[in-house]
1. What list of ³J(HN,Hα) couplings, whole Hz, do you get for segment 41-52 from phi and the Karplus terms 6.51, -1.76, 1.60, once you set θ to phi - 60° and write x for glycine and proline?
2. Once you have the Kirkwood Rh of the chain from its Cα pairs, apply Stokes-Einstein at 37 °C and 0.692 mPa s and quote D in µm²/s.
3. Estimate the FRET efficiency between LEU336 and GLU462 by the formula 1/(1 + (r/R0)^6), using the beta-carbon distance for r and 45 Å for R0, to the nearest 0.05.
4. Helix 645-658 versus the longest principal axis of the chain: what is the Cα-based angle in degrees, 0 to 90, to the nearest 10?
5. Applying the Karplus parametrisation 6.51 cos²θ - 1.76 cosθ + 1.60 with θ = phi - 60° to the phi angles of segment 450-463, what ³J(HN,Hα) value in whole Hz is obtained for each residue in order, glycine and proline being reported as x?
6. Using modelled backbone amide H atoms (1.01 Å from N, in-plane), which distant-in-sequence or interchain residues come within less than 5 Å of ASN221's amide H?
7. How much net charge surrounds CYS596 when only the other residues with a Cβ under 13 Å from the Cβ of CYS596 are counted, with Lys and Arg +1 and Asp and Glu -1?
8. Calculate the dipole size of segment 294-376 relative to its Cα centre from +1 charges on Lys and Arg beta carbons and -1 charges on Asp and Glu beta carbons; express the result in debye to the nearest 20.
Amino acid sequence: MSLKHVFSPVKLRHKTLKNRIVFGAHTTNMAQNGLPGDQHLAYYRERAMGGAAMIVVEPMPVHPAAVLTRGNFRHSSDKVIPHFTRLTEACKAHGTVMIQQLYHVGAHGDWDNSWHANWSPSGGPSYHDNDGSHEMTVDEIEETIDSFVQAAIRCQKAGFDGVEVWAAYHCLLDQFWTPFSNRRMDEWGGSLENRTRFSREVLRRIREACGEDFIIGLSVNDDSDKEVCLSRDEMVEIVALHDAENLMDYVTVGSGSYFDFYKLLPSFQYPENLGADLAERLKGAVQHALVTAESNIRTPENANTVLGSGQADLVALVRAQIADPHLVTKARQGRLEDIRGCLTCNQQCWGRRGRDYYISCLINPSAGHEYLWGGDRFTPAEKPKTILVVGAGPAGLETARVAAERGHKVILAEASSELGGQFRLAGLQPRRAQITDLIAWYGRQLDKLGVDLRFNSYMDAEDIQAVGADEVVLATGSMPAGTGFQKALPHVPELPGIETGNVWSVEDVMGRAARLGQKVIVLDEGGNWRGIGTAWHLAEAGHQVSIVTPDAMVARELFRSATDFPARRTLARLGASFVTEAAIAGWSGQAAEVQCLLTGERSQLLADSLVLATGNVAENRLAGDLRALGIASYIVGDACAPRLASAAIFEGRKTGLTI
Ligand code: ADP
């Protein structure tokens with residue numbers, strides 16, 4: 001496939017971008033004591049090395065009131081300059097244009113991190129927590145504008161080629177633009193000219209302070225279906241107004257806002273190319289600025305389509321380049337089949353950042369560990385060995401791939417006739433086929449690397465001994481406990497009545513082994529995709545689904561990845577019913593005895609089938625059998641302890657790198 005639109009260079013003020021793919025701004029949460037260190041540097045350098053034409057380093061708060069996360073960099077301090085200089089030098093060495101995003105959240109700050117009251121145009125509420133803000137005085141407005149300018153000067157001193165001023169998601173600049181949050185009667189509110197005065201002053205004074213050879217970007221968003229947010233027409237008018245005054249060199253368009261947080265990082269629950277529609281409108285309205293489309297563009301093919309159809313001049317791919325830092329280089333070399341495609345699952349990027357950890361990636365555990373692991377690359381093993389990996393779930397696939405990349409001779413034995421283990425079943429849930437694509441990617445990689453794949457090969461200890469490998473890695477996964485044990489009822493080892501039948505595991509359902517009636521209860525203890533995706537699959541197939549969970553809300557764990565609300569919305573639309581803060585005290589084959597965890601009251605819930613999304617048990621017996629034969633083994637993934645696929649892939653990578 002020709003990607004000629006992606007690979008045509010473009011001029012951006014005093015710089016030429018070597019292609020059209022940007023690694024857009026996002027919080028990595030890697031600051032240490034407010035400073036960017038080795039971890040942060042290695043993370044960005046890997047993407048620069050991987051071919052991104054421009055990197056927008058994550059949001060930098062410009063003022064004490066602007067701080068949002070613990071991982072933010074020190075605002076208002078020249079101490080950051082030498083640390084950022086290391087970063088810009090390392091990335092510019094790869095021909096990458098380096099930008100830093102400057103931000104201020106206005107009303108939506110976080111007092112717990114900033115220790116500072118929130119400031120906003122008219123004292124509106126935060127949509128981040130339940131705090132309020134106060135209406136900025138004119139002095140505070142001037143102080144804030146100056147803080148943007150000072151931050152931009154600091155960026156310039158640190159070697160950045162420019163800054164991106166953040167006006168998206170209903171942040172401070174957008175709060176000034178939006179009548180809902182700007183009710184001022186002075187020269188900073190009211191008419192469009194007044195409401196845009198703040199942003200225009202910020203951009204104008206940055207240009208004045210930093211000179212002509214300095215890129216200035218503006219970041220906006222599309223959340224036009226929310227009544228209080230700016231409509232597309234209004235956003236186009238505002239951007240055009242800034243462009244008419246030639247205030248910015250590019251404008252970049254994301255989706256969602258603090259009013260619809262889920263659309264900020266649209267998961268697989270949303271369509272692709274979400275920011276492209278508004279980008280296209282802006283393209284028609286600006287005379288000077290380049291337009292960047294962001295938001296779920298995900299693949300070089302999508303990027304090429306968006307660019308080729310004239311919807312945008314640049315595209316920002318963030319999660320896609322977290323998942324595969326070398327995406328651009330692979331695309332340039334025509335190796336699209338080698339790109340490890342982002343699952344848009346948000347589990348280890350936003351899912352970690354949201355809990356205040358540094359970001360990583362479910363399918364690329366080197367993200368955030370580049371400084372420890374030498375990037376997302378491999379050094380040949382000192383002594384090539386024969387390695388037998390048992391089990392081709394995510395842990396086994398990643399171990400086999402990485403060990404083979406390092407020059408080992410790898411045999412991968414799998415009991416079934418397919419790759420992927422439990423992850424393959426997850427890929428059969430609605431809209432989750434990106435997982436199936438990933439498993440196909442593993443298949444291609446193993447093939448290229450000459451891994452000896454043995455399907456339908458259930459291995460016992462003697463079989464393993466007979467292979468005579470130098471090293472044995474057990475990636476045999478986990479199995480449903482099959483007892484119906486629930487953490488909410490720890491004194492009940494087995495669900496009373498489980499022997500009456502019509503009880504199935506998630507794996508039975510997704511593996512098409514379950515014979516289900518019309519009415520199905522899904523007992524979901526995990527609150528993650530294992531249970532929720534199965535309930536979705538069943539509801540979509542026309543079953544009447546009731547989800548019973550000990551949690552206070554269905555899909556509780558999906559909150560981490562900003563996928564819970566859309567999941568509940570879909571389930572509700574499909575007619576599923578939710579029973580929260582409840583356990584199942586007994587099963588009769590036709591009904592469940594549901595126990596309310598708040599009152600202890602019990603009630604009957606009629607159902608033809610009960611599906612258990614309860615705990616799994618590690619499948620690690622082989623390790624003991626091998627030990628008895630004097631054979632040592634590594635144990636990775638669920639076989640070591642049942643967890644999410646991210647743990648399996650992480651351990652596969654780590655073992656593959658060290659074996
Ligand atoms: P993980 O997430 O840790 O990779 P999974 O449960 O997804 O674990 O996958 C484990 C895989 O191991 C499954 O595909 C299963 O068929 C395979 N497996 C389990 N035991 C054996 C065995 N003794 N020999 C070969 N394959 C096995």
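The values are calculated or read from the model by the stated rules, or taken from the named source; none is laboratory data. Note that the coordinates shown come from a computational prediction; the quantities given were computed from them, not determined experimentally. We place every Cβ from the backbone using ideal geometry, glycine too, and count neighbours over all the protein chains shown. Only protein heavy atoms, including side chains, enter the accessible area calculation; ligands, DNA and RNA are left aside. Shrake-Rupley method; radii C 1.70, N 1.55, O 1.52, S 1.80 Å.
1. Each residue of segment 41-52 in turn: 4, 5, 4, 6, 4, 4, 6, 5, 4, x, x, 4 Hz.
2. Estimated via Stokes-Einstein, D reaches 124 µm²/s.
3. Once the sixth-power term is evaluated, E becomes 0.55.
4. It works out to around 90 degrees.
5. After applying 6.51 cos²θ - 1.76 cosθ + 1.60, I find x, 5, 7, 8, 10, 7, 6, 10, 6, 9, 9, 4, 5, 4 Hz.
6. Long-range HN contacts for ASN221: TYR169, GLY254.
7. -2
8. 160 debye
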